[in-house]
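Heads up, the thing below is written out as structure tokens.
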Amino acid sequence: MGVFAQYEWQARDAFDEIKIRYDKVNEDNCAIQHLGDLYLPEDTLSHLPDIKEININPVFPNRTALLHLHNMALSRAFFWSYILQSRFIRPAINDTYDPGMMYYFLSTVADVSANPYINASAIYFAPNSSYSSSYRGFFNKTFPRFAPRTYRLDDFNDPIHLQKISTLNTFTVQDLGAIPANAYSKDYTTDYYKINEWYKKWLPDDVENRHDTKTTYDIEIRYANNTNETFTFHGPPGADEDPGPVKFTRPYFDCGRSNKWLVAAVVPIADIYPRHTQFRHIEYPK
């Protein structure tokens, strides 16, 4: 006599396929895994937030963290686009109007520390696209690479935590652009950097000497002396554009960094290149 119960052998389904791929990669073997094994299929995560559907279609309760990630990435892109370009409404008497290098790092730390549902934040610059406020007299000098990044570190095993519970307040902060000259596998702009889909979503941006490639936005400013000003700046694509301002990556294993499976929301930041030429027709939003 045989009994067929609920827990008899079942045929392998799509969930099993994803679980096998999910468990296959870990911190110890991710460096030698095939590129395809570091990503999960694009349809692994469904019902991603879309700015075109907000207030039209409902957001499921188990997608609210993704919506928060979507909104956070979009708001930071507007913030940085404005900060980097608003210096042009002030006299160019010095270069200290630009954000300092430490400001970039602390900004990414603030993104993660203020949001328990966000485990990493970064600003990736294309090659020779990040200006330094310390280059006095050489204001069009740029860094070859610059990528400040913060990710949350699991500190549950620290000796000072007797309860073995993560505080969620420990972070690792790095400049992923500070690499040796020939370390191609550490260069986030090359194909040798396996998990840089978040970079390729928007970069490199070849504007081909055009001024009309970026959406413009107006902001009304009222100063303490009761004067007013309207400033126009270039920013991320508009909500009505295709594909919109926010792109999600496929789930990927963050090898050599946080060593966890992550999903990234990526939004472009606009700036003006080159600067201070006094010839606006050769300065392009990029």
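The values are calculated or read from the model by the stated rules, or taken from the named source; none is laboratory data. These numbers were taken from a predicted model, which means no experiment stands behind them. For neighbour counting, all protein chains shown are included, and Cβ atoms are generated from backbone atoms with ideal geometry for every residue, glycine included.
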- Message: Against the condition charged (D, E, K, R), closer than 30 Å to residue 44 by Cα, outside any strand (DSSP E or B) and more than 15 Å from the chain's Cα centre (by Cα), how does residue 241 come out, does it pass?
- Response: yes
- With respect to residue 16, determine if the residue is surrounded by 10 or more Cβ atoms within 10 Å (Cβ to Cβ) and at pLDDT 85 or above. yes
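Restricting to segment 40-81, what's the tally of residues that are assigned to a helix (DSSP H, G or I), of a type outside the set (Ser, Thr, Tyr) and touching a helix residue (DSSP H, G or I) at 6+ places or on another chain (Cβ under 7 Å)? Quick ask: steps written out before the conclusion?
Applying the first criterion (assigned to a helix (DSSP H, G or I)) to segment 40-81 yields 42-44, 61-81.
After this cut, where a residue has to be of a type outside the set (Ser, Thr, Tyr) as well, the list is 42-43, 61-63, 65-74, 76-80.
When the remaining residues are screened for being touching a helix residue (DSSP H, G or I) at 6+ places or on another chain (Cβ under 7 Å), the result is 72, 76.
Matching residues across segment 40-81 total 2.
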- Query: Is it the case that segment 208-219 has a residue that's basic (Lys, Arg), surrounded by 15 or more Cβ atoms within 10 Å (Cβ to Cβ) and at pLDDT below 90?
  - Reply: yes
- Message: Testing residue 221 on (1) among the hydrophobic types (A, V, I, L, M, F, W, C); (2) closer than 16 Å to residue 127 by Cα; (3) free of Cβ contacts under 8 Å to residues at least 60 places away in the same chain, one condition comes back false. Which one is that?
- Response: (2)
- Working carefully through the options 237, 251, find the one that is within 20 Å of residue 120 (Cβ to Cβ), surrounded by 11 or more Cβ atoms within 10 Å (Cβ to Cβ) and modelled with pLDDT of 90 or more. 251
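Select from segment 68-91 the residues that are small (Gly, Ala, Ser) and within 10 Å of the chain's Cα centre (by Cα) and write down the one among them that is surrounded by the most Cβ atoms within 10 Å (Cβ to Cβ). Walk me through it before giving the result.
Let us first name the residues in segment 68-91 that are small (Gly, Ala, Ser), namely 73, 75, 77, 81, 86.
Subset that is within 10 Å of the chain's Cα centre (by Cα): 73, 77.
Values: 73: 21, 77: 23.
So, considering only residues that are small (Gly, Ala, Ser) and within 10 Å of the chain's Cα centre (by Cα), the one surrounded by the most Cβ atoms within 10 Å (Cβ to Cβ) is 77.
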- Query: In segment 92-127, what residues are in a loop (DSSP other than H, G, I, E, B), at pLDDT 85 or above and surrounded by 18 or more Cβ atoms within 10 Å (Cβ to Cβ)?
  - Reply: 118, 119, 123, 124, 125, 126
